[in-house]
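The numbers here are math on the coordinates, done by the rules we state, and not lab data. Bear in mind that the values here come from a model prediction, so they are computed numbers and not experimental data. Virtual Cβ from ideal backbone geometry, glycine too; neighbours counted across all protein chains shown.
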Amino acid sequence: MIACDCAVCASDDPRNKRYRASIHVVMDGLHIQVDASPEFRLQCLREKINWIDLFILTHGHADHITGMDDLRRFCDLLGGNALTVYATDEGMSRVLAIYPYTIMERPVVRGYPAFKLQQMPTRVELPQGTIESTLLPHGGLNTLGLVFTEKSSGKKFTYYTDCKRVPREAVELARGSDIVVLDGLRPQEHPSHMSISEAVAAAQEIAAPLTYLTHLTHLTDHATGEAELPPAVRFAYDGLRLKL
């Protein structure tokens, strides 16, 4: 947190050093980037993200969209072609408002970004597997909840960030997941995010073998907070890699 010397901000535990939330999913060799935080470029360098096949924007809030200009490098790597961007109507309107210079089939010149906007369907069928989506309430808008199922292994991964609750249809869609990631902002209640206790309750309803809580703030120390969680629930942290 800017201008804060609390115990978490001053902590030596690297798990308490938090950028804004982005994830990178590899499904049978297909590279899917979900959201682009303000630190997206730094995250790519740190985690050695060298390829993106398609991009999914869960919603248009600043902490998830303002790194998208740095997707320009991946347009270069795609041979100067536009990168497919899936989003909701709200997400597409935000991309159009912030990045109007990107909406074209190919970049204007090499090194510029180009996005091919598509509305996220409820199910995307790919040779590598499926991506299913559901809408999650997040204040005055809906975010995309995503469920990935890899074709070769049958492994199922659910990512539900930035939501105040997990509706019944989203719970059912997530059932059978090997790992679930849920929004769990802070111990205190929030009008548009699940608190940690609300996220734990949602995790227990979905009943996956393992659930990670993400989007944490400096109000939670990783080690002491995680020690209070149920056995099947943990805190995510920057640089966490999961292999299903």
What FRET efficiency do you get for L126 and K17 if R0 is 25 Å and r is their Cβ-Cβ distance, rounded to the nearest 0.05?
0.15
Once amide H atoms are built 1.01 Å from N in the peptide plane, which residues 5 or more positions from F235, or in another chain, come under 5 Å H to H?
L213
Summing -39500 (n - 2.57) over every DSSP H run of at least 4 residues in the chain and dividing by its residue count gives a helix-only mean residue ellipticity at 222 nm, to the nearest 500 deg cm²/dmol, of -5500 deg cm²/dmol
Report the gain in length on full extension from E169 to E228: 0.36 nm times residue separation, minus Cα-Cα distance, nm rounded to one decimal.
18.4 nm
Based on Cα coordinates alone, diagonalise the gyration tensor for the stretch 24-71, multiply each eigenvalue by 5, take square roots, and list the semi-axes in whole Å, largest first.
17, 13, 7
Using a Gaussian network model of the chain with C-alpha springs under 10 Å, which one of D12, D183, D70 is most mobile by mean-square fluctuation?
D12
Over the alpha carbons of the stretch 1-122, what is the largest minus smallest coordinate on each principal axis, giving the biggest first in Å?
48, 32, 29
Name the shape class, rounded, prolate or oblate, that the alpha-carbon gyration tensor gives for the stretch 133-244, where a ≥ b ≥ c are the square roots of its eigenvalues, rounded holds for a/c under 1.5, and otherwise prolate holds if a/b is larger than b/c and oblate otherwise.
oblate
Highest-fluctuation residue, S195, S93, S152 considered, GNM on the chain with Cα pairs under 10 Å
S152
Inter-centroid distance (Cα atoms) of the stretch 108-181 relative to the stretch 93-107, Å
22 Å
Report the extension gain between S152 and Q188 in nm, rounded to one decimal, defined as 0.36 nm multiplied by the number of residues separating them, less their alpha carbon distance.
8.9 nm
Treating only the Cβ of Lys, Arg, Asp and Glu as charged (+1, +1, -1, -1), what charge dipole size does the chain show about its Cα centre? Round to the nearest 20 debye.
540 debye
By per-residue mean of other Cβ atoms within 10 Å, what is the highest-first order of 205-212, 186-193, 155-162?
155-162, 205-212, 186-193
Going by a ≥ b ≥ c, the root eigenvalues of the Cα gyration tensor, does the stretch 169-221 fall in the rounded group (a/c under 1.5), the prolate group (a/b larger than b/c) or the oblate group?
prolate
Amide H neighbours of R186 under 5 Å, counting only residues 5+ apart in sequence or on other chains, H built in-plane at 1.01 Å?
I196
Lys/Arg Cβ at +1, Asp/Glu Cβ at -1, dipole of the stretch 59-109 taken about the Cα centre: which of F74, H64, V95 is farthest positive-ward?
F74
Students often forget the sequence filter, so: which lysines lie under 25 Å Cα-Cα from K156 once same-chain residues fewer than 8 apart are removed?
K48, K164, K243
Simple SL model, points at 7 angstrom along Cα→Cβ for L242 and E105; separation in nm is 3.9 nm
Taking Cα atoms, the helix 196-206 axis meets the longest principal axis of the chain at an angle in degrees (rounded to 10) of 80 degrees
Crossing angle, helix 89-98 versus the chain [Cα axis fit, 0-90 degrees, rounded to tens]:
60 degrees
Please check: in the Gaussian network model of the chain (C-alpha springs, under 10 Å), which one of C163, C44, C75 has the largest mean-square fluctuation.
C44
I'd like the per residue volume of the convex hull spanned by the Cα atoms of the chain, given in cubic angstrom.
127 Å³
With the 8 Å Cα cutoff and a minimum separation of six or more residues, the chain has a relative contact order in percent of 14 percent
